[in-house]
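Coordinate-derived values only; no laboratory data. This structure is a prediction, so every number in the text was calculated from the model and none was measured. Cβ atoms come from the backbone with ideal geometry, glycine included; neighbour counts cover every protein chain shown.
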Amino acid sequence: MRDVRLVMQREHLVPGPDHPITVEPTDRHVTVRVGDTVIAETDSAVTLREAGYDAVQYVPLDDVDPAVLRTSETTTYCPYKGEASYFDIAVGDDSVTDGVWTYTDPFPAVADIRGHVAFYPDRVTVDAG
């Protein structure tokens with residue numbers, strides 16, 4: 001008996017004039033807080049700008065306090081960036097579900113976000129000043 005498995009092909013799109021994406025060094029100090037607790041701080045963030053969306057700060061994972069991150073089962077897919085995995089954030093009694101995402105193996109057009117994580121600004125405070 002043959003083992004037949006269906007493999008779903010996911011759409012892979014390349015940024016262009018109709019959907020521009022840029023990744024550039026932030027050139028500012030970035031601090032991320034949950035409440036009053038600093039959970040990430042860096043001078044090495046990159047800013048991703050995508051089409052009409054708000055700019056997103058991607059912070060090197062090495063600059064995030066590893067004690068606050070909990071692996072989540074959540075994954076999502078972006079046809080421009082690839083598959084994202086998520087972390088929950090635990091700070092004291094505070095918990096932020098899926099507050100952090102990362103593209104472990106991003107598509108070549110956004111390769112500069114590899115090794116970085118991003119935070120939902122409505123769940124944490126991201127200060128790029």
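Below is a table of values for the structure above.
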| read-out | value |
| --- | --- |
| Under 13 Å, Cβ to Cβ, from Gly129 - net charge with Lys/Arg +1 and Asp/Glu -1 | -2 |
| Distance between modelled label sites at Ala51 and Arg114, nm, 7 Å Cα→Cβ extension | 2.5 nm |
| Label of the coordinate-derived value, Cα extents along the principal axes in Å, listed as [x] 58, 40, 23; [y] 46, 34, 28; [z] 44, 38, 28 | [x] |
| Shape category assigned to the stretch 90-129 from the gyration tensor of Cα positions, a/c cut at 1.5 | prolate |
| Low-density loop cleavage sites - trypsin sites (Lys or Arg not before Pro) in the stretch 3-86, where at most 11 other Cβ are within 10 Å (DSSP) | Arg5, Arg10 |
| Net length gained if the chain between Ser95 and Asp43 were fully extended (0.36 nm per residue, minus Cα distance) | 16.1 nm |
| Order of Leu69, Leu48 under a 10 Å beta carbon neighbour criterion, fewest first | Leu69, Leu48 |
| The chain, dipole about Cα centre (Lys/Arg Cβ +1, Asp/Glu Cβ -1), debye to the nearest 20 | 540 debye |
| For Asp98, residues with placed amide H under 5 Å, excluding near neighbours | Asp88, Ile89 |
| 14 Å beta-carbon shell around Gly99, net charge (K/R +1, D/E -1) | -2 |
